[in-house]
Amino acid sequence: QVQLVESGGGLVQPGDSLRLSCAASGRTVSSLAMGWFRQAPGKEREFVVAKRWSGTPTYYADSVKGRFTISRDNAKNTVYLQMNSLKPEDTAVYYCAAQMTFGSMTYAGAYNYWGQGTQVTVSS
C-alpha cells in the first residue's frame, strides 16, 4: 500500500511560482512512476506531468511544458512539482498519483494510488 500526501498549494498571482510536494510512504518513490494531475471546477481531471525514474523521458502536458518541472528527493521520499509563470488557467486542485505497473503515463486510470489533492488558485 502506498500513501501520498500533497502540500504546498495556495493563492498566488499570475506570473508567480509555487512548489507542490507529494510525500510518499509504503514504497520508495524511485520504485514508482509518479504523476501530477489537476482538476478545475466543472472539468475532468487532466494530466499535467509524469515520470518513471529509470532514465525514461518525462511526460508533460503541452499547456505546462517549459513552465512546470517534476523532481524528487529520495532522502525525503518526496516528489515535487515546481510551477513557474503561473496563469489563471492553472487554477485547479492538484493531485499526486503513483503507478506500480507499466501502464500509460498520461491516463489517470493507469495510476494505482492518489493523494487527497491540494488547491492552487492563480488570481490577481
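Brief remarks follow.
- Qualifying positions in the range 18-41 - under 13 Å from Val93 (Cβ atoms) and either modelled with pLDDT under 95 or in a strand (DSSP E or B) (or both): Leu20, Trp36, Phe37, Arg38, Gln39, Pro41
- Residue pairs whose Cβ atoms lie under 6 Å apart, separated by 6 or more positions or on different chains, with the first residue in the range 97-117 and under 15 Å from Leu81 (Cβ atoms) and the second surrounded by fewer than 16 Cβ atoms within 10 Å (Cβ to Cβ), are Gly115/Val5.
- Within the range 91-124, the set of residues being small (Gly, Ala, Ser) and either loosely packed, with under 14 Cβ neighbours inside 10 Å or under 16 Å from Ala23 (Cβ atoms) (or both) comprises Ala97, Ala98, Gly103, Gly109, Gly115, Gly117, Ser123, Ser124.
- Some residue of the range 81-90 being open to solvent by 20 Å² or more (accessible area, probe 1.4 Å) and under 26 Å from Gln1 (Cβ atoms): no
- Residues (of a type in the set (A, V, I, L, M, F, W, C) and more than 12 Å from the chain's Cα centre (by Cα)) located in the range 30-62: Leu32, Ala40, Trp53
- Taking strands (runs of 3 or more DSSP E) as the structural unit, those lying wholly within the range 49-124 and holding at least 3 residues that are small (Gly, Ala, Ser) correspond to 92-99.
- The single residue among Asp73, Asp16, Asp62 that is among the acidic types (Asp, Glu), out of contact with any Gly (no Cβ under 6 Å at 6 or more places or on another chain) and in contact (Cβ under 8 Å) with a residue 40 or more places away in the chain turns out to be Asp16.
- For the range 8-17, the set of residues classified as surrounded by 15 or more Cβ atoms within 10 Å (Cβ to Cβ) and over 12 Å from Asp90 (Cβ atoms) consists of Gly8 only.
The values are calculated or read from the model by the stated rules, or taken from the named source; none is laboratory data. These numbers come from a predicted model, not from an experiment. Please note: Cβ atoms are built from the backbone with ideal geometry, for glycine as well, and neighbour counts cover all protein chains shown. Heads up: the accessible areas ignore ligands, DNA and RNA and are worked out on the full protein's heavy atoms, side chains in. Shrake-Rupley method; radii C 1.70, N 1.55, O 1.52, S 1.80 Å.
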